[in-house]
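Participant: Take this structure, written in structure tokens, and hold onto it; I'll ask about it next.
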Amino acid sequence: MAANNPYATYQNNSVNTSTPGELTLMLYNGCLKFIEQAKRELHDGNMEGKNKSIKKARAIVSELMLTLDMSYPVSKNMLILYEFANSRLIDGNIKNDSALFDEASSIIMEFRDTWKQVIQINRQKQYANVDEI
């Protein structure tokens with residue numbers, strides 16, 4: 001299928017050639033995309049679409065929780081925030097309340113923005129080391 005669809009081929013190549021940090025950033029962005037889709041579906045009255053989008057967002061949050069390295073103290077705090085974001089998604093889905101989706105989205109956005117900065121700092125260090133060689 002990817003051979004006939006240039007966009008699918010591009011997506012597949014993006015995932016296969018990305019660093020672990022870039023993959024995590026993709027997860028954050030995907031989660032935010034699905035939360036926004038759920039809000040649109042809720043606004044449009046499409047409950048099935050809203051539910052599917054929230055399930056996808058929750059699957060991403062679950063994956064982020066599973067991949068935490070709990071040997072670092074900060075991971076425990078991150079886990080608590082992921083669990084809270086997940087509970088907001090569940091409650092928002094049950095109550096049809098986009099404000100709860102916004103709460104989850106703001107937490108994920110903070111993680112995403114911080115992660116983006118980490119990637120940029122690492123790249124700057126990497127290129128600085130290349131220039132020294």
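Nothing in this text is a laboratory measurement; each read-out follows from the coordinates by a stated rule. Predicted model, so just to flag it, every value in this text is computed and none were measured.
Participant: For the Cα atoms of the chain, what angle does the longest principal axis make with the long axis of helix 47-66, in degrees from 0 to 90, nearest 10?
Facilitator: With both axes taken from Cα atoms, the answer is about 40 degrees.
Participant: Okay, next question. Given the convex hull of the Cα atoms of segment 66-122, what is a quarter of its surface area in nm²?
Facilitator: 4.4 nm²
Participant: Sum up the lysine pairs in the chain that clear both bars: alpha-carbon distance under 19 Å and a spacing of 8 or more or different chains.
Facilitator: 15
Participant: Which log10 I(q)/I(0) values does segment 36-101 give at q = 0.16, 0.20, 0.22 Å⁻¹ under the Debye formula, counting every alpha carbon as one identical point scatterer?
Facilitator: -0.54, -0.73, -0.82
Participant: So for the chain, what are the equivalent ellipsoid semi-axes in whole Å, largest first, each being the square root of 5 times an eigenvalue of the Cα gyration tensor?
Facilitator: In descending order, the three semi-axes are 30, 21, 12 Å.
Participant: Separate question: Once fully extended, how much extra length lies between Met26 and Met78, figured as 0.36 nm per residue of separation less the alpha-carbon to alpha-carbon distance?
Facilitator: 16.9 nm
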